[in-house]
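The values are calculated or read from the model by the stated rules, or taken from the named source; none is laboratory data. Note that this is a predicted model, so its numbers are computed, not measured. Heads up, the Cβs are rebuilt from the backbone with ideal geometry, glycines too, and the neighbour counts pull from every protein chain shown. In case anyone asks, the SASA skips ligands and DNA or RNA and just uses the protein heavy atoms, side chains included. Shrake-Rupley method; radii C 1.70, N 1.55, O 1.52, S 1.80 Å.
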Amino acid sequence: MQAANQNGVPFLSQTSNLPPLRVRTPNLRHRTSSQASISSETSEIISPIPRRHHYLQANESRHWLPSPSVSPVSTRAASPPSAHPTTSPRAYRLPQRARLSSVLEQDGHQPLSFPYASQPHTRARPPDEDKHEGSMSRRWVRWMHKQGMKQWVLPSVILISTWVKWCIGLGSYSGHNTPLMYGDYEAQRHWMELTIHLPLHQWYTYDLEYWGLDYPPLTAYHSWLCGVVGSWLDSSWFALDKSRGIETYSSKLYMRSTVLFSDAVIYVLAVVMFTRVWQGSRSTRTQHVALLSLLLQPALLLIDFGHFQYNSVMLGFTLLAMNFFASGHDVWGAVCFSLSLGFKQMSLYYAPAIGSYLLAKCLYLGPVAGRQLFIRLALVTIATFTLIFLPFLLPLASPTAIIQPINRIFPFARGLFEDKVANFWCASNVIFKWKVWFSREALVKLSAGLTALGFLPGVVGLLYSGYTHRLTAQGDHVKPSDVKTAVSAPPPFLPLLPYALLTSSMSFFLFSFQVHEKTILVPLLPLTLLLSGSANDSETFELAALVNNVAVFSMWPLLKRDGLGTQSLAMLLIWNRLIGYNPIRRTRSLLSYLAMVVYTACITLLILEFFVPPPARLPDIFPVLNVLVSTPVFALTWLWSIKRGIEVSWAAGGLGSSSTHTVQAPGLKPQLSTDSTSTTASFTTSRRFSTIETGKSKEWQWSDGQRSAIGEGSSGVTGMGVGAGVGEVGRPTDKLLKRRSLGFKQGASILRTTSVGSTS
């Protein structure tokens, strides 16, 4: 028997004995509005009903559908009363931490789970907790927190990574027992030898046939310092000309220690700072998981602690620069990047992106403040490089002394490529012999043109975003205090920086002149940073994990020659297990199918190389096949970074939208119209501030809580802590956002991309 409530809406009686009915469950439409809103706009949020609830039992009512409390200004009628008076309807509302943006994101992807009347209410985990649900690192970090050892997670992570690095160092290295030239290990030791025994003007000219110094002066100073300390311990390790090829146990122990110490001082510090600055709004568990994935990156560990180099110092300086940019200290960021360039010339791969970002920041601040920032950046950059090259400049050296390191740093005489490297030139050389048809000078110009064309999208995206977000456009009314505050705050286009770095560095790797296989470490840095902040089921995570694995495979000929095959396999297994990446169990998508094809090709090639000897007339058949398998993956990553840059620029308001200028920083006080708005769908308490948009007064919101429902919406920029949404980074959804702005969260030093206003 049916009954009706006071509004005439029929509902099923609890004592009804009718058979089960097929009930149509329409979408709920929740209208919300705020009295304090200046724009007085209303938003309509549609919550889909799960398919599993389309069949209702006759003795069940519809009280489990989440119905929000009626707003004081709402015209919506009250919801019908529950048919179960003994059960509190409050228990069947949306979980307290559920986000309306998550509801919209899941529409069409997977059904929402509403609790049944017979099921107890369980708290839904926030996205941060579900991100690495199946990863070993997440489970270990969660166990440490539950055991009350939260403060020991960070030192434990550092100690674990140090122990793994030391274990890799116990194996072989480049040039082990291979006279006469040995390898990179001997090159690094030889530079310590010559810097402590020879005058400075001979550093770049002494016996160039035997591992002549070919890195910038900061590497030479680092070698000098290590050589001085080592000669105090045992002078025979670095005796001039007499110590060539020395491989005593004590000397190898010291050389391995120098890499470990340099890595801990620069790179580990930069990574820890990165998790605090870029991912400061994430949970502590998520920060620790990200730290593990970065410190145990297999490619970097195998090259620095196995093959033997100091790449982590260069990458650490670049990461420190990114951290300073994200915290608003652009001058210190310029100093750190100059130090990175002064340590290894491969940092030039990042130069177009870093330079474009700083120039875009100057455009963003306007003609006065922007010009002042440009002058400060120029002065500090010139001063840093002057100090680095000071011993080679007048009056401390001859006028031609500066030419010596320049010629060694840029080795154009070596040719287009040496070893089999997985880039465009080596892969296409299988069909078209570039060195036969073009001269060296022509190849230099051609490679320079293709490289510039490759990183141009990232440069244009940053500059255009800086121009469209400028604070002092015609018709704006910006206070000088607001501009002064914006100088020390990150700009709204900061989320573009990691993608621009990836585009620029991958373009250099694919198209530039004289590239080594180890140079893949440069584009791996921004890609792994994006992986550390992305959801486990996202496209960013899957592609970044694939590229990291393929990068190790692309260096297989080098690692095999160094005797690091076991270490390579072990590090790949450990790292993929830590981050929770299993290509076999992933959701079927075009990228997952591509990954399976790539992994099948890699495994097949390794098996053939192990069991089948190469033919006599094709001795390099396996390295060439390695190049042909790896190069398409790197090229795809380059194209993906361009696409992502466009999407993130669109989400930040730099493309296809009106110019929105957010000049508020954490220190700005709220206006008198400050209010607190809450909904049953658990929007956290937010404050409203005014911003400047072509002379009009608009609003933007930033959350008091660590996980703002607005800041972590579908339009939020994810990947590196810049928002954490269910959707992909900056991917335009079906509902175009009319207004978007960027807030800066105090304390956590993290940017939030927020969506304010109605959707259409």
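Brief remarks on what is shown
- Packing-based ranking, highest mean first, of 217-228, 443-454 given that Cβ atoms within 10 Å are counted: 217-228, 443-454
- P(r), alpha carbons of region 268-362 - 10 Å bins starting at zero, rounded %: 16, 43, 34, 8, 0
- Probe 1.4 Å, protein heavy atoms only - accessible area per residue of region 348-447 in square angstrom: 53 Å²
- Label-zone membership for region 285-307, site residue 146, 7 angstrom Cα→C-beta point, backbone N under 20 Å: 285-290
- Solvent exposure of residue 418, expressed as accessible area, is near 80 Å², computed with a probe of 1.4 Å over the protein chains only.
- For region 520-548 versus region 218-244, the gap between their alpha-carbon centres in whole angstrom: 38 Å
- Volume per residue of the C-alpha convex hull in region 340-399, rounded to whole Å³: 94 Å³
- Evaluated over region 493-559, the Cα radius of gyration and Dmax, each in Å: 12.6, 40
- Rounded to the nearest 20 debye, dipole of region 455-550 from Cβ charges on Lys, Arg, Asp, Glu: 400 debye
- Packing, as the average of other Cβ atoms within 10 Å across residues, places the peptides 503-510, 548-555 in the order 503-510, 548-555, highest first.
- Between residue 636 and residue 331, residue separation times 0.36 nm minus the direct Cα-Cα distance comes to 106.4 nm.
- Taking region 534-550 and a reference point 7 angstrom along Cα→Cβ of residue 160, the backbone N atoms nearer than 20 Å belong to 534-537, 545, 549.
- Inter-label distance, residue 249 to residue 177: 1.6 nm, where each label sits 7 Å from its Cα along the C-beta direction.
- Whole-number D in µm² s⁻¹ for region 544-626, Kirkwood Cα-pair radius fed into Stokes-Einstein, 4 °C, 1.567 mPa s: 93 µm²/s
- Within region 148-235: Cβ-based charge dipole about Cα centre, in debye rounded to nearest 20 (Lys, Arg +1; Asp, Glu -1): 560 debye
- Its residue count N fixes a reference of 2.2 N^0.38 Å for region 209-348, and the Cα radius of gyration divided by that reference is 1.19.
- Measuring between alpha carbons in the structure, the pairs from 445/518; 242/560; 420/445; 242/420 lying more than 28 angstrom apart are 242/560; 242/420.
- Annotation: peptides 369-375, 407-413, 323-329, 358-364, ranked by per-residue average of other Cβ atoms within 10 Å with the highest first, follow the order 358-364, 323-329, 369-375, 407-413.
- Per residue, in Å², the accessible surface of region 130-280 once ligands and nucleic acids are set aside, probe 1.4 Å: 45 Å²
- The apolar share of the surface of region 506-567, taken as the fraction of accessible area on carbon and sulfur atoms (1.4 Å probe, ligands and nucleic acids excluded), comes to 57 percent.
- Accessible surface of region 170-293, 1.4 Å probe, proportion on carbon and sulfur as whole %: 65 percent
- The spacing between region 179-197 and region 484-498, judged by their C-alpha centroids, is 43 Å.
- Accessible surface, 1.4 Å probe, highest first, among residues 331, 289: 331, 289
- Based on the Kirkwood approach, the hydrodynamic radius assigned to region 447-588 is 18.1 Å, with every pair of different Cα atoms included.
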